[in-house]
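> Mind looking over this structure? Questions follow.
The values are calculated or read from the model by the stated rules, or taken from the named source; none is laboratory data. Remember, predicted model here, so these are calculated numbers, not experimental data. All Cβ positions, even for glycine, are placed from backbone atoms using ideal geometry, and neighbour counts span all protein chains on display. In case anyone asks, the SASA skips ligands and DNA or RNA and just uses the protein heavy atoms, side chains included. Shrake-Rupley method; radii C 1.70, N 1.55, O 1.52, S 1.80 Å.
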Amino acid sequence: MGYDEAIIKLGDFGRYQKIIYFLICLTSIPVAFHKLAGVFLLAKPDFRCVLPFEKEGSGYELPPHLWNLSYPQGETCSYYDVDYSAEYLNGSIPRSSNRTKDCSHYVYDQSTYLNSAVTEWNLVCGRGFMAATSDSLFMLGVLLGSIVFGQLSDKYGRKPILFASLVIQVLFGVLAGVAPEYFTYTLARVMVGATTSGVFLVAYVIALEMVGPAKRLYAGIFVMMFFSVGFMLTAAFAYFVHDWRWLQIALTLPGLIFLCYYWIIPESGRWLLSKGRKDCAIANMQRAARFNKVQISSEVLSELLDEGETAEDKAKEKLEGQEQEQRDEGPPPSVWDLFCYPNLRKKTLLIFLDWLVTSGVYYGLSWNTNNLGGNLLLNFVISGAVEIPAYIFLLLTLNRWGRRSILCGCLVVAGLSLLATVIIPTQMHTLVVACAMLGKLAITASYGTVYIFSAEQFPTVVRNVALGAASMVARISGMMAPFLNYLATIWLPLPLLICGALSLAAGLLSLLLPETHNKPMLETIADGERFGKKTKGDVYLETGQELRQTPEAQPLKGADSNGHTSNGQKF
């Protein structure tokens with residue numbers, strides 16, 4: 001009842017909701033632009049040292065015999081320290097020394113990329129780690145933005161924070177495009193990374209809060225699909241815009257279009273009600289009703305919302321009563337209680353591992369398309385396109401086959417596919433790309449599954465903070481992904497080998513987690529400890545009830561009669 005019932009009266013997912021939802025989904029596209037732009041902004045083309053006998057402006061191409069006379073085999077960061085006389089260069093005299101000298105200037109292959117931040121600031125050889133560091137700091141911005149903008153949207157509203165994020169994103173996106181040096185560029189990209197969380201997360205919440213319960217699964221999945229569309233469109237920009245500075249600006253300016261939404265997108269009705277602004281919520285709902293051609297008076301809406309408030313008040317009173325009991329009996333449960341008991345600790349560590357692997361492998365594959373060989377832009381488009389069937393797969397199977405089966409299966413398929421790329425001959429570009437993209441599809445599906453699977457594994461009393469901790473673990477692996485791809489400079493297949501091994505290991509270990517499909521939500525720490533644990537007695541759960549057990553089963557050590565731990569700490 002309440003707001004959900006009022007939405008149904010307005011036409012459930014009527015024309016008004018569809019239009020607003022579509023407009024909200026479009027904001028996911030520039031988020032994808034900025035998250036994936038680093039593939040092209042920091043692209044590292046083939047390069048070599050400028051040799052002493054070469055004139056300024058020499059091209060990358062060099063005759064094979066001069067290459068052998070100038071560079072050690074497999075080395076492009078140094079050259080032989082010899083006298084490059086005409087006799088030496090024409091092969092009349094042998095090389096007098098094998099000593100080498102580090103490069104001071106470089107020349108880049110412009111057949112694929114006209115330029116990039118890497119070529120402009122020479123982020124190669126000893127400075128190569130700086131490109132990976134820039135992408136890693138971008139992901140740090142994403143982490144900080146999810147914390148800051150999430151709290152601000154709860155306090156000040158979804159709409160103002162969404163548009164504030166868009167404005168900041170445009171300003172710092174343009175700044176990144178005109179940055180005179182590396183540090184200004186990196187700082188601007190950190191700010192852009194933070195605003196991607198402000199735009200995407202807030203838009204995601206608005207999309208979910210404007211539809212009824214029956215449509216939320218689909219609403220959430222389709223927002224992710226629009227992100228995949230933005231993924232693919234990034235390659236279209238890179239195809240037409242070859243200068244990295246203009247590319248950064250071109251990817252940023254579409255954000256200006258969404259500023260026009262300020263006069264179209266309404267504030268979230270659920271947020272307005274949570275802040276006691278029922279009149280504003282009713283006004284927005286009446287606007288939707290008129291657009292949907294539904295006749296409903298403000299009095300009827302008010303009554304429906306009042307019923308919801310009454311139910312919420314009762315639930316709040318019950319919750320406050322439970323919290324008072326907890327205060328009387330001891331400290332409230334915290335996320336640290338998940339590590340105090342063996343079964344909970346095992347499940348928590350496995351879930352954290354799943355988040356670590358899915359996030360790291362997803363971004364690792366998304367940013368690794370330059371190392372797959374073949375047509376780089378085509379590889380990038382395929383990498384984004386395979387995400388859409390992954391989400392469709394989840395819509396069709398997530399409520400049929402179970403969470404654990406899908407998570408385990410997808411991680412194992414991803415692992416085997418990525419490991420297969422290591423043994424396939426490098427000249428078979430098509431097969432290598434096919435295996436890598438199958439791995440990308442599978443890891444995308446597992447990423448979508450781990451959200452709901454984790455929420456169902458954690459008890460209610462610590463669910464929010466536990467999911468927050470899992471999300472932070474995922475962001476940490478996202479920050480490590482650029483350095484994972486940097487390992488390709490050591491051995492080209494190494495990033496895919498590591499991603500495959502991690503995916504396979506995480507998939508097999510996920511079999512140790514209990515299935516949660518069609519199972520009641522866990523309420524207390526005691527429920528979480530007993531769920532999935534083999535006991536001598538017949539243990540079963542009832543929705544909203546404390547875990548019950550037969551007389552043979554022993555009570556959870558360290559827990560009181562209400563399932564609360566005695567050593568809980570403040571998180």
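> Heavy-atom accessible area of Thr430 with all protein chains present, probe 1.4 Å, nearest 10 Å²?
Spelled out: Thr430, probe radius 1.4 Å, area about 120 Å².
> Still on this structure: Can you give the angle from 0 to 90° between the axis of helix 182-209 and the longest principal axis of the chain, with both taken from C-alpha atoms, to the nearest 10?
Helix 182-209 sits at roughly 30 degrees to that axis.
> Also, quick follow-up: For the range 388-458, which trypsin sites (Lys or Arg not before Pro) pass both filters: DSSP loop (anything but H, G, I, E, B) and at most 12 other C-beta atoms within 10 Å?
Arg400
> Can you tally the net charge around Phe231? Count Lys and Arg as +1, Asp and Glu as -1, for every other residue whose Cβ sits under 14 Å from the Cβ of Phe231. Before the final figure, lay out each step's value.
Working: positive: Lys35, Lys440; negative: Glu387.
Charge balance in the 14 Å sphere: +1.
> OK, next. Kindly report, to the nearest 10 Å², the accessible surface of Leu512 as traced by a 1.4 Å probe over protein heavy atoms only.
Surface accessible to solvent at Leu512 totals approximately 100 Å².
> Taking amide H positions as placed in the peptide plane 1.01 Å from N, state which residues far from Arg48 in sequence (5 or more) or on other chains have amide H under 5 Å from it.
Under 5 Å from the amide H of Arg48 lie the amide H atoms of Val107, each far enough along the sequence or on another chain.
> In µm²/s, what is D for the range 114-171 at 37 °C and 0.692 mPa s, where D = kT/(6 pi eta Rh) by Stokes-Einstein and Rh is the Kirkwood radius from Cα pairs?
240
> Something else about it: Here is the link list: Lys18/Lys155; Lys155/Lys278; Lys18/Lys519; Lys35/Lys440. Which ones come out longer than 22 Å on Cα distance? Intermediate results must be reported in sequence, preceding the final value.
Details: Lys18/Lys155 27 Å; Lys155/Lys278 16 Å; Lys18/Lys519 32 Å; Lys35/Lys440 16 Å.
Pairs exceeding 22 Å: Lys18/Lys155; Lys18/Lys519.
> For Val167 and Arg15, what does the FRET efficiency come to when R0 = 25 Å and r is the distance between their Cβ atoms, rounded to the nearest 0.05?
According to the calculation, E is roughly 0.25.
> Further, regarding this structure: Just how much of Ile392 is accessible, in Å², when a 1.4 Å probe is used and the result is rounded to the nearest 10?
80
> For the residue pair Tyr218 and Trp121, what label-to-label distance in nm results when each label sits 7 Å from Cα along the Cα-to-beta-carbon direction?
Between Tyr218 and Trp121, the label points sit 4.6 nm apart.
> On full extension of the chain, what length is gained from Tyr451 through Phe339, given 0.36 nm per residue of separation minus the C-alpha to C-alpha distance?
38.3 nm
> A follow-up question, please. For a label point 7 Å from the Cα of Tyr239 along Cα→C-beta, name the residues of the range 370-395 whose backbone N is under 16 Å from it.
375-386
> With axes computed from alpha carbons, what is the tilt in degrees of helix 278-291 against the longest principal axis of the chain, rounded to the nearest 10 within 0 to 90?
Rounded to the nearest ten degrees, it is 70.
> Still on this structure, I have one more. When only C-alpha pairs under 8 Å and at least 6 residues apart count, what is the relative contact order of the chain, in percent?
Details: 853 pairs, mean separation 101.3, N = 571.
That works out to 18 percent.
> Let's test this: bin the Cα-Cα distances of the range 84-204 at 10 Å from zero up to the farthest pair and state each bin's percent.
12, 29, 22, 16, 9, 6, 4, 1
> Sticking to Cα atoms, compute the Rg of the range 199-238 to one decimal and its Dmax as the biggest Cα-Cα distance, whole number, in Å.
In order Rg, Dmax, the Cα atoms of the range 199-238 give 12.1, 39 Å.
> Using R₀ = 56 Å, calculate the FRET efficiency as 1/(1 + (r/R₀)^6) where r is the Cβ-Cβ separation of Leu256 and Lys533; round to 0.05.
Calculated value: 0.55.
> Keeping every protein chain in place, order Met480, Met437 by accessible area at 1.4 Å, biggest value first, i.e. largest first.
My answer, sorted largest first, is Met480, Met437.
> Let me ask something else. Can you tell me the accessible area per residue over the chain, all protein chains present, probe 1.4 angstrom, in square angstrom?
Here the per-residue accessible area is 47 Å².
> Just reorder Thr444, Thr76 by solvent-accessible area, largest first, 1.4 Å probe, all chains present. List each step's numbers first, then the result.
Details: Thr444 0, Thr76 40 Å².
Ranking Thr444, Thr76 by accessible area, largest first, yields Thr76, Thr444.
> Find the cysteines in the chain that fail to meet the 4.7 Å Cβ criterion with every other cysteine, and list them.
Cys25, Cys260, Cys280, Cys340, Cys408, Cys410, Cys435, Cys499
> Now a separate question. Rank these residues by their accessible area, most exposed first, probe 1.4 Å: Ser297, Ser96, Ser366.
In descending accessible area the options line up as Ser96, Ser297, Ser366.
> To the nearest 10 degrees, how steep is helix 387-397 against the longest Cα principal axis of the chain, on a 0 to 90 scale?
That works out to roughly 30 degrees.
> Averaging over all projection directions, find the projected area of the Cα convex hull of the range 447-500 and quote it in nm² with one decimal place. Please list the in-between numbers first.
Values: hull surface 17.0 nm².
Mean shadow area of the hull around the Cα atoms is 4.3 nm².
> When the accessible area of the chain is computed with all protein chains present and a 1.4 Å probe, what percentage of it is carbon and sulfur?
It is 62 percent, rounded to a whole number.
> With a Cα-only, solvent-free Debye model of the chain, what are the log10 I(q)/I(0) values at q = 0.06 Å⁻¹?
Cα-only, vacuum Debye calculation for the chain: -0.38.
> Another question, if that's okay. Return the FRET efficiency for the residue pair Tyr60, Glu87: r is the Cβ-Cβ distance, R0 is 30 Å, and the value is rounded to the nearest 0.05. Don't skip to the answer; put the middle values down first.
On the way: r = 25 Å, r/R0 = 0.85.
Once the sixth-power term is evaluated, E becomes 0.75.
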